[in-house]
1. So if I check each of Ala87, Ala43, Ala57, Ala111, which one is within 17 Å of the chain's Cα centre (by Cα), exposed (fewer than 15 other Cβ atoms within 10 Å of the Cβ), at pLDDT 95 or above and not acidic (Asp, Glu)?
2. Name the residue that is nearest to Asp165 (Cα to Cα), counting only residues in the stretch 212-228 that are hydrophobic (A, V, I, L, M, F, W, C) and surrounded by fewer than 24 Cβ atoms within 10 Å (Cβ to Cβ).
3. List every residue pair whose Cβ atoms sit under 8 Å apart, with the two residues 6 or more apart in sequence or on different chains, where the first one lies in the stretch 7-21 and is in contact (Cβ under 8 Å) with a residue 24 or more places away in the chain and farther than 10 Å from Asn125 by Cα and the second, anywhere, is in a helix (DSSP H, G or I) and among the polar types (S, T, N, Q).
4. Just to be sure I understand, how many residues within the stretch 171-211 are part of a strand (DSSP E or B) and either modelled with pLDDT of 95 or more or under 26 Å from His160 (Cβ atoms) (or both)?
5. Has the stretch 20-29 got at least one residue that is under 30 Å from Ala233 (Cα atoms), of a type in the set (D, E, K, R) and in contact with a helix residue (DSSP H, G or I) (Cβ under 8 Å, 6 or more places away or on another chain)?
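The values are calculated or read from the model by the stated rules, or taken from the named source; none is laboratory data. These numbers were taken from a predicted model, which means no experiment stands behind them. Here the Cβ positions follow ideal geometry from the backbone for every residue, glycine too, while neighbour counts run over all protein chains shown.
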Amino acid sequence: MTDILAKIIAGKRDEVASLTRTSSMADLDRAAKAASPVRGFTAALAAASAGGYGLIAELKKASPSKGLIRADFTPEDLAAAYEAGGATCLSVLTDGPWFQGAPEFLVAARAAVRLPVLRKDFIINVAQIAESRALGADCILLIMAALDDARAAELEACAHDYGMDVLIEVHDAAELERACRLKSPLMGINNRNLKTMDISLDVGAAMLPHLPDDRIAIAESGLFAPADLARMAQSGARCFLIGESLMRADDVATATRAILANPVAAKVKSSTALIPSDK
C-alpha cells in the first residue's frame, strides 16, 4: 500500500487501538448479538438485479479527492429519499478523518428505512466487525488492497459468524484473483484507484467480464449518468454503488429514480478465466 490508502490505514490502526482500549471484545460481542436482526443485503441485490438494476445508494458527506460533497447532510432524511427513489440498499460512510462520516450516521440512516445497510469503512480488525453489527450494519466492506489473504479470510468469517454479508472490493486483476478465493458472492469492482484516487470506467469494463458466474458484480465509482450504468451493465454488472452523483443532487429521490430508469438488458457472458496476474 502506498499514498492515500496507506495513510488511511495507518490512521485506522490508531482508531482500532482506541476502540479495543475502551471496549473489550466480549463487550462488543454482546452488543453485536443484541442488535436488531440482520437485513439480507445480498438477497436484496440479487432480487433487484434479476429484473432491473440493484442500487447501493451511498451516504457520503465528503471524500479525500473532492472535499465536502454535501453540506446539508441529515442521514435519516437522505436515507428516506434514497428509499423513496428506489434504492435497493444503503451504504453509509463511518470514517471521520477522511470522509467526515460517523457511526451515528449509520444508526440514524438505518432506523429511518427498511433497507439493508453497508458500513462503508476501512475494516482491518475483528473488533470493527463486532462494532459494525452492534451499530446495526447488515454488511461490511473488505478492501483487498488493504488486506492480506489470511486477514481477509479471518474478517470474512467473523462477519459471517454474525450473520452479516460481505462486499469484497477489488481494483485490479491480482486483487480479483485473490478475492475469488473468499466465500462471499458480492464482488465490487472499484473504478477508483484508492492509492491515487484516479477514476476510469475502463477498469470495470475490462474486469467485469472475468468475474465467475457465481459472483454478483457491483460496479463502483465514477457513475454519474444512466449511460455509465449501461456501459457497466454491458460488461456484466447489474448492481452499482453510487454516492457522489446522488449526494450532489438537490432532489435525491428524483435523482435516484432517474439514474435507475430504463435499465439495459444484461449481457450474456460466458465464464472465462481470471485476468492473469503478474505472478
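1. Residue meeting the stated conditions: Ala43.
2. Applying the filter and picking the extreme gives Ile216.
3. Pairs found: Leu19/Gln128.
4. 5
5. No, the stretch 20-29 contains no residue that is under 30 Å from Ala233 (Cα atoms), of a type in the set (D, E, K, R) and in contact with a helix residue (DSSP H, G or I) (Cβ under 8 Å, 6 or more places away or on another chain).
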